[in-house]
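Right, one structure below, let's go through it.
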Amino acid sequence: MLKLITFLFSILVLFSCTQPAQIDLDTKVINPKEAGFSEERLALADSLIERYKSNQWLPGGVFLVARRGTIAYYKSFGYHSLNFWTPYQNDDIFRIASMTKAVTSVAVMQLYEQGKLGLDDPLKNYLPAFAETGVLQQLNPADSSFTTTPPQRPITIRHLLTHTSGLVYGDFEQGDIRAAYQKLGLQNVGLSHQSWTTKQFIDQLARAPLAFHPGERYCYGLNMDVLGRVIEVVSGLSLRDYFQQHIFEPLEMVDTHFYLPQEKHERLVPVYAQTDQGTIMKQEVGHSLGINYPKNKDRGHYAGGGGLSSTALDYARFMQALLNGGELNGQRILGPKTVEVMTSDQLLDLNKKGAGRSSIPGKTFSLGFGLLTEEAEGLNSKSPGTYEWGGYFNTQFFIDPKEELIFVGMTQVHPFNHSEFYDRLTAVIYGAIDD
């Protein structure tokens, strides 16, 4: 009898130790010690953020750290306006821009594990408009008309997930490729559009020349926007509805939207711009839609590369699900092996050729995320296997599976002249780990 009780107890312990960590949407419990942090050392994050705010380098924001499913740090700082009338709140809504890409990547991998698409399938199988897309050959400077040459290989789903397709952001390029994108009206299109639907946008993008042959090198571009349209075609749903049904509802991400409901408009924080004199609010940030695109009327344009707005806690739920191997609070959005594939190095050959994401060894790219491998050990405090990304308006996140650690920082500053801020904040977070 004693042996049976001992056996059953050991099974119970084993089962309890293998349960994925959870995050309660409505939690108010912040417990650094339970998460394995020194409360005193983690509080150094307060003084760091306050220093950047006092120097007018940062207006404020919301920052969240969780480890082993326990929220260790979740605080807001600063004010929405320079008159100090409206303080930031933990449930404020931020434009997460390119942090949308991680959500799009998960959606693609959901369809992949359901057998509805393959990673090495040609894009033209799903979007025939790309069957004729060629690589830029020559541009006529008189009118920006251009000629193309056929690509050496077709664009695949994997090329899009790894930013190796040859599609670029015309806004960030120079020379002939920028001029070609301008001619086609493909400037300022990564967040929203006043008239195009997602289909119209991607059909127009298919007319643009590629900057290089698919698979030739890494170059950050409009790849996830194309994948957003692929998701629509394969699933039969708009990208908005697909995200809602297959990611946001299961994870209870109640404040994540392409276009905010009217009752949430007031929770959208302002965007600041940094000048030599400090941080000031700015109404325009270099794209035609301005900063209020989340409040625009929903006309059916869903930018899979940058269109979402969200809260720190909503995004933390998404990150925790990935850290758990694709599951949160009994809701599975991906299988563990699929998460494994998605977070593995996809640029091994390109890195060897010097054509990968970075010249820094170990700083590479997976299927939709920046990735640190063992070669990057010692680059900073993050563990090998950490995957991460950020957004145009100065939001950032990372997921460290080894430490069971997630971080999301939500600010809204562009341009931001103190990029060292997140590096220093990361050092404080890891320095506070106490076990």
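For the stretch 156-194, which residues satisfy the criterion of being modelled with pLDDT under 95, open to solvent by less than 30 Å² (accessible area, probe 1.4 Å) and assigned to a helix (DSSP H, G or I)?
Passing the criteria: only Gly170.
Can you list the helices (runs of 4 or more DSSP H) lying wholly within the stretch 1-73 that have 1 or more residues being of a type in the set (D, E, K, R) and at pLDDT 95 or above?
Fully inside the stretch 1-73 and qualifying: 39-42, 44-54.
Taking the condition in a helix (DSSP H, G or I) and not charged (D, E, K, R), does Ala316 pass?
yes
For the stretch 323-330, state whether one or more residues are closer than 24 Å to Ile93 by Cα and in contact with a strand residue (DSSP E or B) (Cβ under 6 Å, 6 or more places away or on another chain).
So far as the stretch 323-330 goes, yes, one or more of its residues are closer than 24 Å to Ile93 by Cα and in contact with a strand residue (DSSP E or B) (Cβ under 6 Å, 6 or more places away or on another chain).
Each row is one residue, and each column tells you yes or no for (1) part of a strand (DSSP E or B); (2) under 27 Å from Gly185 (Cα atoms); (3) modelled with pLDDT under 95.
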residue	(1), (2), (3)
Arg229	no, yes, no
Tyr242	no, no, no
Gln245	no, no, no
Phe248	no, no, no
Lys264	no, no, no
Glu284	no, yes, yes
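Within the bounds of the stretch 347-354, is there any residue that is in a loop (DSSP other than H, G, I, E, B) and under 17 Å from the mean Cα position of the chain (by Cα)?
The answer is no; no qualifying residue exists.
Which members of the stretch 292-313 meet the condition of being free of Cβ contacts under 8 Å to residues at least 40 places away in the same chain and in a helix (DSSP H, G or I)?
Lys295 - this is the single residue of the stretch 292-313 that is free of Cβ contacts under 8 Å to residues at least 40 places away in the same chain and in a helix (DSSP H, G or I).
Return the total of residues in the stretch 393-421 being within 24 Å of Asp345 (Cα to Cα) and either open to solvent by less than 10 Å² (accessible area, probe 1.4 Å) or modelled with pLDDT under 95 (or both).
9
Can you report the number of residues in the stretch 195-217 which are part of a helix (DSSP H, G or I), open to solvent by 50 Å² or more (accessible area, probe 1.4 Å) and in contact with a helix residue (DSSP H, G or I) (Cβ under 7 Å, 6 or more places away or on another chain)?
So the answer is 2.
If you check every pair at least six apart or on different chains, which have Cβ atoms under 8 Å apart with a residue in the stretch 177-206 that is over 17 Å from Ser98 (Cα atoms) and of a type in the set (Gly, Ala, Ser) first and a residue that is assigned to a helix (DSSP H, G or I) and modelled with pLDDT of 95 or more second?
Going by the 8 Å Cβ cut-off, the qualifying pairs are Gly185/Gln204; Ala206/Ala129; Ala206/Phe130; Ala206/Glu132.
The values are calculated or read from the model by the stated rules, or taken from the named source; none is laboratory data. Since the structure is predicted, the reported quantities are computational estimates derived from the model, not experimental observations. So basically every Cβ, Gly included, is an ideal-geometry build from the backbone, and we count neighbours across all protein chains shown. Heavy atoms of the whole protein, side chains included, go into the accessibility calculation; ligands, DNA and RNA do not. Shrake-Rupley method; radii C 1.70, N 1.55, O 1.52, S 1.80 Å.
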